Amino acid sequence: MNDTQVERVLAVMAHPDDVDFGAAGSIAQWTDAGIEVTYCIVTDGDAGGFDPDVPRSDIGAIRRDEQIAAAKQVGVSDVRFLGYPDGRLAVSFELRRDIARVIREVRPQRVICQSPQRNMLRIAANHPDHLAAGEATLCAVYPDARNPFAYEDLAHLPAWSVAQTWVQGHEKINRYVDVTDVWDRKMAALLSHASQHEHPDALDGMMRGWNGSNATNGGLPAGRLAEAFWVFDTA
């Protein structure tokens, strides 16, 4: 499935900023092409941050606002939060149902999610919340969202089959997206999460290292930057 066949994309992520680390550059290019993108953020990221002087009770609201601001940098205005507790995410029927609900509401041809499998090459991809969000999303893609009998309380929403799923943070990669030309917007999205970056000046260099390696692995010319995904059909 190429981008011209896609009208709507849904990104389901565990925390605010997860989508910006892994996919903001790709998303910027999709929205530029007229594709509607929705974010579904499973937690409010209330266990994040670095400043002990910020009351913990304020973090959730701060991170929601940061994600909304970050989304605007790449052309996304529809940001939904499920409100699950940060750091305690589990693959429950309730979580599967809530993600299936959003899939049925948005009716995306493409879903982006996190890997449900541990990446033994990169520890940062292996937050337990990431793994749980990835597994719950794939369960919602198949079979929950497409099965009209899966949840009685979703019966008012027509079933929907997602044609294609893109997984970020997976060890296996079969799609590299060149994001060099929208790099400034990807970084603007990431820097919108000010509560998470104690040393923001170091962020660009770190990200150029990761995305430069992706580009090299994808066979792109020297100096290019890329996001990396495992893409497979889920129709």
Looking at GLY60, is it among the small types (Gly, Ala, Ser), modelled with pLDDT of 95 or more, under 22 Å from ASP129 (Cβ atoms) and in a helix (DSSP H, G or I)? no
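Out of everything in the stretch 105-130 that is hydrophobic (A, V, I, L, M, F, W, C) and in contact with a Phe, Trp or Tyr (Cβ under 9 Å, 6 or more places away or on another chain), what residue ends up being surrounded by the most Cβ atoms within 10 Å (Cβ to Cβ)?
Filtering the stretch 105-130 for residues hydrophobic (A, V, I, L, M, F, W, C) gives 106, 111-113, 120-121, 123-125.
After this cut, where a residue has to be in contact with a Phe, Trp or Tyr (Cβ under 9 Å, 6 or more places away or on another chain) as well, the list is 106, 111-113, 124.
Working: VAL106: 20, VAL111: 27, ILE112: 25, CYS113: 30, ALA124: 10.
It comes out as CYS113.
Right, ALA194: over 30 Å from TYR142 (Cα atoms) and in contact with a helix residue (DSSP H, G or I) (Cβ under 8 Å, 6 or more places away or on another chain) or not?
Spelling it out, ALA194 is indeed over 30 Å from TYR142 (Cα atoms) and in contact with a helix residue (DSSP H, G or I) (Cβ under 8 Å, 6 or more places away or on another chain).
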Which pairs turn up if I take residues in the stretch 92-111 that are in contact (Cβ under 8 Å) with a residue 40 or more places away in the chain and closer than 15 Å to THR43 by Cβ and look for partners that are part of a helix (DSSP H, G or I) and not basic (Lys, Arg) with beta carbon separation below 7 Å, at least 6 apart in sequence or on another chain? LEU95/ALA136; ILE99/ALA136; ILE99/THR137; ILE99/ALA140
Given the conditions (1) part of a helix (DSSP H, G or I); (2) in contact with a Cys (Cβ under 9 Å, 6 or more places away or on another chain), which single one is not true for CYS139? (2)
Which of the residues that make up the stretch 5-46 are surrounded by fewer than 16 Cβ atoms within 10 Å (Cβ to Cβ), in a loop (DSSP other than H, G, I, E, B) and out of contact with any strand residue (DSSP E or B) (no Cβ under 8 Å at 6 or more places or on another chain)? ALA33, GLY34
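Conditions (1) modelled with pLDDT of 95 or more; (2) touching a Pro at 6+ places or on another chain (Cβ under 9 Å); (3) part of a helix (DSSP H, G or I); (4) within 30 Å of ALA145 (Cα to Cα), marked per residue:
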{"site": "VAL182", "(1), (2), (3), (4)": "yes, no, yes, no"}
{"site": "GLU198", "(1), (2), (3), (4)": "no, no, no, no"}
{"site": "ASP204", "(1), (2), (3), (4)": "yes, no, yes, no"}
{"site": "ASN211", "(1), (2), (3), (4)": "yes, no, yes, no"}
{"site": "GLY223", "(1), (2), (3), (4)": "yes, no, no, no"}
{"site": "TRP230", "(1), (2), (3), (4)": "yes, no, no, yes"}
Selection within the stretch 30-81 - of a type in the set (A, V, I, L, M, F, W, C) and without any contact (Cβ under 8 Å) to a residue 12 or more places away in the chain: ILE68
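The values are calculated or read from the model by the stated rules, or taken from the named source; none is laboratory data. Model, not experiment: these values are computed from the prediction. Counting neighbours? That spans all protein chains shown, and the Cβs are built from the backbone with ideal geometry, glycine included.
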